[in-house]
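What follows is one structure encoded as structure tokens, with my remarks underneath.
The values are calculated or read from the model by the stated rules, or taken from the named source; none is laboratory data. Small disclaimer: the values here were computed from a predicted structure and weren't measured. Every residue, glycine among them, receives a Cβ derived from its backbone with ideal geometry; neighbour counts consider all protein chains shown. These area figures cover heavy atoms from the full protein model, side chains too; ligands, DNA and RNA do not enter into them. Shrake-Rupley method; radii C 1.70, N 1.55, O 1.52, S 1.80 Å.
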Amino acid sequence: MNRLHVIEIGFQWRGLALLTAVVIGTGLVMTCAVGEEPAPGLNDTQVMIDTLWVMIAGFLVFFMNAGFALVETGFCRGKNAVNILSKNFIVFAIASLSFWGTGFALMFGNGNSLFGLTGFFLGGADNSPLTGDAYTGVYSAISWAGVPLAAKFFFQLVFAGTAATIVSGAVAERIKFQAYILFAALLVALMYPLTGHWIWGGGWLSDLMDTAFLDFAGSTVVHSVGGWAALAGVLMLGPRMGKYGPDGTTNAIPGHNMALATLGGLILWLGWYGFNPGSTMAADGAAISHIAVTTTMAAATGVVAAMFYAWIRLGTPDLSMTINGCLAGLVAVTAGCNGVSITGSVIIGLIAGVLVVEAVLTFDKLRMDDPVGALSVHLVNGIWGTLAVGLFNTELGLFYGGGIQQLVVQGIGIVAVAAFTVTASFIFWNVTKAVLGLRVTAEEEYVGLDQSEMGLEAYPVDATTPEYKIAMGG
Amino acid sequence: MNRLHVIEIGFQWRGLALLTAVVIGTGLVMTCAVGEEPAPGLNDTQVMIDTLWVMIAGFLVFFMNAGFALVETGFCRGKNAVNILSKNFIVFAIASLSFWGTGFALMFGNGNSLFGLTGFFLGGADNSPLTGDAYTGVYSAISWAGVPLAAKFFFQLVFAGTAATIVSGAVAERIKFQAYILFAALLVALMYPLTGHWIWGGGWLSDLMDTAFLDFAGSTVVHSVGGWAALAGVLMLGPRMGKYGPDGTTNAIPGHNMALATLGGLILWLGWYGFNPGSTMAADGAAISHIAVTTTMAAATGVVAAMFYAWIRLGTPDLSMTINGCLAGLVAVTAGCNGVSITGSVIIGLIAGVLVVEAVLTFDKLRMDDPVGALSVHLVNGIWGTLAVGLFNTELGLFYGGGIQQLVVQGIGIVAVAAFTVTASFIFWNVTKAVLGLRVTAEEEYVGLDQSEMGLEAYPVDATTPEYKIAMGG
Amino acid sequence: MNRLHVIEIGFQWRGLALLTAVVIGTGLVMTCAVGEEPAPGLNDTQVMIDTLWVMIAGFLVFFMNAGFALVETGFCRGKNAVNILSKNFIVFAIASLSFWGTGFALMFGNGNSLFGLTGFFLGGADNSPLTGDAYTGVYSAISWAGVPLAAKFFFQLVFAGTAATIVSGAVAERIKFQAYILFAALLVALMYPLTGHWIWGGGWLSDLMDTAFLDFAGSTVVHSVGGWAALAGVLMLGPRMGKYGPDGTTNAIPGHNMALATLGGLILWLGWYGFNPGSTMAADGAAISHIAVTTTMAAATGVVAAMFYAWIRLGTPDLSMTINGCLAGLVAVTAGCNGVSITGSVIIGLIAGVLVVEAVLTFDKLRMDDPVGALSVHLVNGIWGTLAVGLFNTELGLFYGGGIQQLVVQGIGIVAVAAFTVTASFIFWNVTKAVLGLRVTAEEEYVGLDQSEMGLEAYPVDATTPEYKIAMGG
């Protein structure tokens, strides 16, 4: 590495280090001033059990970071593996700082119908686990959950981390490492919490046309938000070199390790048992078990549909399509998992499995290069799942005699979230581009990001140093 | 791929797609007619805690799918890795549909002493979590568990999936992909639930000679049933090409990735903490903690015994034997984990560890080719564990003054389950053979199933397309 | 393998087999004599919930075995992968037997201020889950936890296993397989429980200068004890061949699989949610959620600090440093996680992340070869975390107006544990050396332990036997 390169790196990390320092410094001031001790609360059995459940579900959702890391790494090339693993490892760390600093406050802090304005660095007053009228504090929007503030923060944090990691896959194999980190920090600090506030934080989408936009565990709040941000990134970055031929052809760039990808898919499936049933944020046995079953059936039918549909459409039971079919079913049932019947979940999953295959083919036709299929999984099926609530919810859905109203509200929410997230994403991607640049050079892409950016190979050949030979008398 | 091949694939998937369509279609009709809303139940603390425990234990058992996938993939060759991963990924999806459609009803639905007859597609009446005399519904056999029906279904489903996945390893590297899928669907839909009904569903083995056949968490119900079905498959398929030389020699065909296999073994061990302690289906702290300890000690002594015994017998502390020793100890303690002492579990595990090594060597002598040792682990130690209840159960076991009766009942159960499962398996394997064929051709086996069947390599070399060179100005 | 080698192996395993036989045999006698039935206890809701939590947390800690296995395997060379995987697989089995036999009794059995003297093989009287004055039994030191004895044993066992596995990484790639097993058995049976007794077992460090040495979840009890034992091993063994050049240079010996290492790091992070919050040993929602957040923030800042600091210091955002930064933050917050504020945990993690990078570089300067950075993570940050309690504890810490006293007590504890553990470790390493030898030969190290010791390759090329060619007509 020559001196200029060192200086350049020096320049670039300084921006991020500065950001980190500002975030933490502010945190020090805020929390020293306000104090962060959990308010004395009820210590009764219900609180205890609810808290256990929220925490355990949160641990499962945390583990999804491993799932995302493995799916993305497995679906991409070995020359970029360290880069991808690093992105996925640091993204949750960055998300933790960002969500602590501003994300949680913007999303759940008291404010207006567009964003929260209080409670940064978890420094606001709060007497959780008291609920309802007994609650006093600045996080009213989540005061329905009878668990300590720290439990609410932890559970919401692992969700925020998920949204950030969705972006990673779509922009893989050509984005600058630092650019992804900065964008992920901005997404969790400023963008994800805003639309989240609209829907889960008591904002304008939580009461619209006499009903609420329904998104139980986040098909829109988490998955399609991640998807829209990824879409903007894909458009900004352009396709990987060699993905689309000059004559309109699409070249398959197969992932380097299907075992890792499959393990990742199963870990994500496991994690979803925290994601969906955990969104009760209470130990409601009937709801939890019902949600676990609808989640299972949608995943199962997503798998079956994607595999057989790929078999027909492409001639082989493509394993990468099968894995994405599973994830598609899971994303699609996320919004409605609590309110659809088992049969509803089966249909939602079947459609998700077909959709994901068609979406992968369509994005390629549009020359929008998404190495892992993140757009097809999280964006397309995030939208599908959100609409499906308006169709299959057993109380309000069109197919269950609920009329068209819920479907309309779902549509309005989807469009509003899309408009905001795409706009904000383009702004943030452009900020990132201006500060750090977005895309590695053609040479760096060609040799792989591990060599050009990370200084480490994922799978080096075993080292044998000259000293060995000396030691062996050779 | 030529046109004929496309047509042939087209023909083959149609059978499976049809099956799926019939299953789901019937589900639609059934559940629309009967409704599937959980009955209003008790919402008290005990139900809440019991349900949490059952669900969390079920999540751990679900994760065993990842363990089985990695052990089998790691123990087999890289040229078949995508095939094995795909089998393990789809098997739980197929099991979910099959068990929803017919499995749960045949196993736990009210019926006669041979099989259940009611409650298909979870569509039967049920007022769970009410129990005992307060229970009314069609799933009386499992009405002892005070949790919602959805929780019972989920927990039993992940067990059913385990039985199906056991077969996968024994028939690996030469079975047709579609044939395995069809057999797994039949196993979970029709075969596993029947013997399950005999033992756990109130059937004839649950009350025999004034006692019950004891199989707490399924050494027989799950493991040896999977093992017997696998045995029939091994006999139908014959050994892999080149495994046994014409001169009576056995050729080692080493697995391609011991890191994946080891990780898989540890995930299975983790999952067993759901499998065994979870089979309480109630938050009984004394039972759960005792079972976790007996499970741990049997796994530990299985590891130690298999490693040292292999070291003596084979000259090296063979890691694949060590992993299988762990699984052997776990399978063996599964039947008795709740009723044996810690010392009992230690002895059960020690014997299991020796048994698994001898069994692997014996099956090879018999030229029965089982690539991952599934028969030695699940069948042999499923039998051993079931017999061990008759010896070590601290109330009824022979070594604890309980006389010979329990041991006799255990023996009767083993023989009856074996007779039925082997017979049914041969029928189903033959049905599968007739519909789809069982074994790939010698050419397909030689090049590997990933190339011949799956259209995807597990570990391709990083792609470099011509467009790269153009982009690089080359 | 020639005959002499067989005899030699035969000689060596006999020692271990004998040890095992003695352990188990004694167990049989003890437990038959005393009985091991759990005492009849309270069956109320609190016990039930507490027990569930302790067990689930214990399962998460158990899973850390997989994390350690993957980090160590990934960070080392492929030629030693089977050896490392085997060490990590068997160590928990060995720990289970050792801790059952003597460890738990020495640590928590009634005795004096230096060690417990009663309750070997879990054979002591005990009426858990009764607590406080209602408790009668021989494990008084842990009678504060209102859960069954089996739950206490299980949770403490998974901690003991962790201490043993820490050693594995530091001595990797040159220690004899048997030597590690014997040392690990001695560590868990005799060494770890003694210092554990001082701190958690009611010994002299639990009441010193009118306060207690504070180590909530084991920065010292588990991590630095493992680290000191590893340090002695590193000094006894010397560096790997070729690590340090004759001219004072240090040669990087890169690990062979960063994907496995990263997955391992994330599994460890997950497991820590059992390790730290679980150390409440009670379903205290406020404590559990607070601890999960401080644990998260320390891990997150450890990641960020290590990555950016490595970037400055070494020129690249080194992934192995990043993973170790995460573990460093986790180790450092372990002692104080329950008693520091979120801001405190942020600072603890930031410092840990910098410390781990400097420590890795320093140990290399000292020519102390630690292939995975275990000393830098567990020893250095175990010490840092223990001192940090004296600084950041919100009641007793220096920075919170608590004066210097707690910091002094923390220092005394660190020095005492270090003195004992280093001394005992040298004794045990020397015993091991005398019985089995410590280090493989230069030839064995050169070809790799998998070939020389384990008789198995981790990643063999797919086998194609001559029979294939015959079958193919070739």
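Are there DSSP H segments in chain C that both extend 24 Å or more along their axis (alpha-carbon positions) and score a mean Kyte-Doolittle hydropathy of at least -1.0? List them, or say none. Span-like helices here: C:3-34, C:45-75, C:81-98, C:149-170, C:258-275, C:285-314, C:342-365, C:405-436. Here's the list of lysines a cross-link from B:K87 could span, going by alpha-carbon distance under 19 Å and ignoring same-chain residues fewer than 8 apart: B:K79, B:K176, B:K433. Per-residue surface analysis assigns B:C326 an accessible area of about 0 Å², computed on protein heavy atoms at 1.4 Å probe radius. In this calculation the C-beta distance from A:V447 to A:V415 is compared with R0 = 51 Å, giving a FRET efficiency of 0.75.
Mind checking the dipole of region B:146-263: about its Cα centre, +1 per Lys or Arg Cβ, -1 per Asp or Glu Cβ, Debye to the nearest 20?
So the magnitude is around 440 debye.
Run the numbers on region A:269-412 and let me know its relative contact order in percent, using alpha-carbon pairs under 8 Å that are six or more apart. RCO, region A:269-412: 22 percent. Which residues belonging to region B:59-94 lose at least 40 Å² of 1.4 Å-probe accessible area when the assembly is complete, relative to their chain isolated? Those residues are B:F59, B:F62, B:F63, B:R77, B:L85, B:F89, B:I90, B:A93.
Between B:T250 and A:L314, take the C-beta separation as r, use R0 = 56 Å, and let me know the FRET efficiency to the nearest 0.05.
0.90
Protection proxy ranking for B:293-302, A:448-457, C:245-254, using the average of other Cβ atoms within 10 Å per residue and placing the highest first: B:293-302, A:448-457, C:245-254.
For region A:330-347, accessible area lost to neighbouring protein chains reaches 30 Å² or more, against the chain alone with a 1.4 Å probe, at A:I342, A:T343, A:V346. Projecting the Cα atoms of A:A184, A:G201, A:P460 onto the charge dipole of chain A, computed from C-beta unit charges around the Cα centre, puts A:P460 farthest toward the positive end.
Mean partner shielding of peptide A:293-299, defined as the number of other chain Cβ atoms within 10 Å of each residue Cβ, is 5. Solvent-accessible area assigned to carbon and sulfur over chain A amounts to 65 percent, based on a 1.4 Å probe. For region C:210-218, putting each phi into the Karplus relation 6.51 cos²θ - 1.76 cosθ + 1.60 with θ = phi - 60° gives couplings of 6, 9, 10, 4, 9, 8, 3, 10, x Hz, in residue order, rounded to whole numbers and with x for Gly and Pro. Chain B against chain C buries an accessible area of about 5800 Å², both chains summed, 1.4 Å probe radius.
Each peptide among B:364-371, B:329-336, B:170-177 gets the average number of other Cβ atoms lying within 10 Å of its residues, and from highest to lowest they stand as B:329-336, B:170-177, B:364-371. Residue by residue along B:186-196, Cβ atoms of other protein chains within 10 Å of the local Cβ number 0 on average.
Distance distribution P(r), the protein assembly as shown, all Cα-Cα pairs, bin width 10 angstrom from 0: 2, 9, 18, 24, 23, 16, 7, 1, 0 percent.
Would you mind putting B:158-167, A:197-206, C:125-134 in packing order, based on average other-beta-carbon counts within 10 Å, highest first?
Ranked by mean Cβ neighbours within 10 Å, highest first: B:158-167, A:197-206, C:125-134.
With the dipole of chain A worked out from charges on the C-beta (+1 for Lys and Arg, -1 for Asp and Glu) around the Cα centre, which of A:A57, A:I348, A:A418 lies farthest toward the positive end? Most positive-ward Cα: A:A418. In straight-distance terms, cross-link reach from A:K243 covers every one of the aspartates and glutamates whose alpha-carbon lies under 15 Å from its own, apart from those fewer than eight places away in the same chain; here that gives A:E173, A:D364, A:D369, A:D370, A:E445, B:D462, B:E467.
Nearest 500 deg cm²/dmol is fine: what mean residue ellipticity at 222 nm does the protein assembly as shown get from its DSSP H runs of n ≥ 4 alone, each adding -39,500 (n - 2.57), divided by its residue count?
Here the helix-only value at 222 nm equals -20000 deg cm²/dmol.
Under the convention that each Lys and Arg Cβ holds +1 and each Asp and Glu Cβ holds -1, the size of the dipole of chain B around its Cα centre is about 860 debye. With 40 Å² as the minimum drop in accessible area between chain alone and full protein complex (1.4 Å probe), the qualifying residues in region C:232-249 are C:M241, C:G242. On a per residue basis, the protein assembly as shown carries 28 Å² of accessible surface, using protein heavy atoms and a 1.4 Å probe.
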